[in-house]
Each structure stands twice: as C-alpha cells, then as structure tokens.
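Contents: one structure, followed by commentary.
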Amino acid sequence: APLYVNPAMTGMFNGLHRVHGHYRNQWSSVVSPFSTTAFSYDTQLEKFNIGGIVLNDRAGTGNFNVLNFVGSAAYDYTIDKNAKKAHHIAGGLQAGIIHKSVNMSKLIFPSQYTSTNSQPFDPGIPNGEIFSNTNFIIPELNLGLLYYLANDGSKVNPFIGFAMFHLLSPNETFYENDNKLPRRFVTHTGVKINLTKDIQVTPKILMMN
C-alpha cells in the first residue's frame, strides 16, 4: 500500500485516481482470527497530490482493535524542466488519529484459575487488573521524502524514499503508566527498468524498523 510505505508517494502514479484495497485473515485455526483491512485513495492536483488511508487491525479473543485514519498530502518538485529527463523530489505529510480498544470481558487471567471449586476456571473471580480505560484516541503524524528519475528515454529510472511514522510518539496505554508508541522508520528503493515499450520490471527493496 503506497500511502502506508511513504506519505511522499501520495499521487505518484500515471493516471487521475488510484484506489487500493487490502484484506488479510490469519491464524483462524488456532485463535480468534487476526484480520487486517485497509483502503486508500489518492489523486493528483497539479503539483499537489492528496489522498487518505483507513487501516483497521483486529486481533485475538479480546477483540483488540486498532483503527488508523489519516489524510495524506504530497508536493512534487521538478529539479530540471527537461521533459525527457526530469529529476523529482517529493515531500509528503500525513495527519490523523489512531483509535485503540479492547473488550476486557472476553479475556481470561491466571488469577481466575482456582483449585477450591469444582471447576478449575471461575470467571467470577476478579482478574486483578486495573484498567483506566478500554479505549483511547491518539494523534498520528507521519513525514516522508522521495527522489525519483522520470526519463521516458532511459531504460533505467531509479527511486529512493525515506519516511518516519508516529512522529509525535504519543502515549498509548490502557493503564496509567507511560507507554510511548515507538516511531517506525522506513527506507525503500528500487528501479523501473523499461525492457520494451510495453514491458517494465520494477525490483524493490523495503526496510522497516
């Protein structure tokens, strides 16, 4: 998903509109399924490009849910004006919210197992956990840079990008303690190889930390 990799990739495509859909479901044979759904849209407005992405993760028995919604904007600057060979630098910004929630009533804890009753597990026993809340909203801010060569006459057009997500590193916790959301750093690079007029190959490398 381009907008998830780098905000600067907003509007970086040949066309007027781009829609991306993504769905993943895993581990349903072991636990409650872990599912990921994503939807993004972006378009070009002269030098400015705009769009947005909605990503939802749901995991495990307690329905731990993460909903991420951001608007995305990028500016594409042409270093040289030669239409046949243009070096571009683009900068992108995303801003929005992350909502996290969990259903505590569906979770079980070691303190609820007992040997004094006929049943080894008693959901009526207090779980001993003190939650200040079961859902919260935190701000989201992401930045990205992208360089690419757009040369219709060249067989090789390289690109490289850098991005930093969760720039504000907000506090995220269901308890009272501090727990900062770590920043996600992304480096990606690749090259568009024009094999023929109608065939292109684009090998890529993506690294996240």
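The values are calculated or read from the model by the stated rules, or taken from the named source; none is laboratory data. Because the structure is a prediction, the values reported are computed rather than measured. Neighbour counts run over all protein chains shown; Cβ positions are idealised from the backbone, glycine included. Each accessible area value is taken on the protein alone, full model and side chains, heavy atoms only, with ligands, DNA and RNA left out. Shrake-Rupley method; radii C 1.70, N 1.55, O 1.52, S 1.80 Å.
Just a few scattered comments:
- Test result for S101, modelled with pLDDT of 90 or more, under 18 Å from the mean Cα position of the chain (by Cα), closer than 26 Å to P158 by Cβ and among the hydroxyl-bearing types (S, T, Y): no
- The residue pairs whose first member lies in region 160-173 and is over 23 Å from L206 (Cα atoms), whose second member is outside any strand (DSSP E or B) and open to solvent by 50 Å² or more (accessible area, probe 1.4 Å), and whose beta carbons are closer than 6 Å, counting only pairs six or more residues apart or on different chains, are N171/D178; E172/N179; T173/N179.
- Flag for T196 being within 27 Å of the chain's Cα centre (by Cα), of a type in the set (V, I, T) and over 29 Å from L93 (Cβ atoms): no
- So N127, is it modelled with pLDDT of 90 or more, open to solvent by 30 Å² or more (accessible area, probe 1.4 Å) and of a type outside the set (F, W, Y): no
- Residue count for region 134-190, restricted to those that are part of a strand (DSSP E or B), in contact with a Pro (Cβ under 8 Å, 6 or more places away or on another chain) and either of a type in the set (F, W, Y) or open to solvent by 30 Å² or more (accessible area, probe 1.4 Å) (or both): 5.
- Remark: G91 falls outside the filter, which requires a residue to be assigned to a loop (DSSP other than H, G, I, E, B), in contact with a helix residue (DSSP H, G or I) (Cβ under 7 Å, 6 or more places away or on another chain) and surrounded by 15 or more Cβ atoms within 10 Å (Cβ to Cβ).
- Some residue of region 14-36 being farther than 26 Å from Y147 by Cβ, surrounded by 14 or more Cβ atoms within 10 Å (Cβ to Cβ) and touching a helix residue (DSSP H, G or I) at 6+ places or on another chain (Cβ under 9 Å): yes
- When the residues of region 62-93 are filtered to those that are of a type in the set (S, T, N, Q) and modelled with pLDDT of 85 or more, the one that is farthest from I108 (Cα to Cα) is T78.
- P120 being of a type outside the set (D, E, K, R), open to solvent by 50 Å² or more (accessible area, probe 1.4 Å) and in contact (Cβ under 8 Å) with a residue 12 or more places away in the chain: no
- Flag for I205 being in contact with an Asp or Glu (Cβ under 9 Å, 6 or more places away or on another chain) and at pLDDT 95 or above: no
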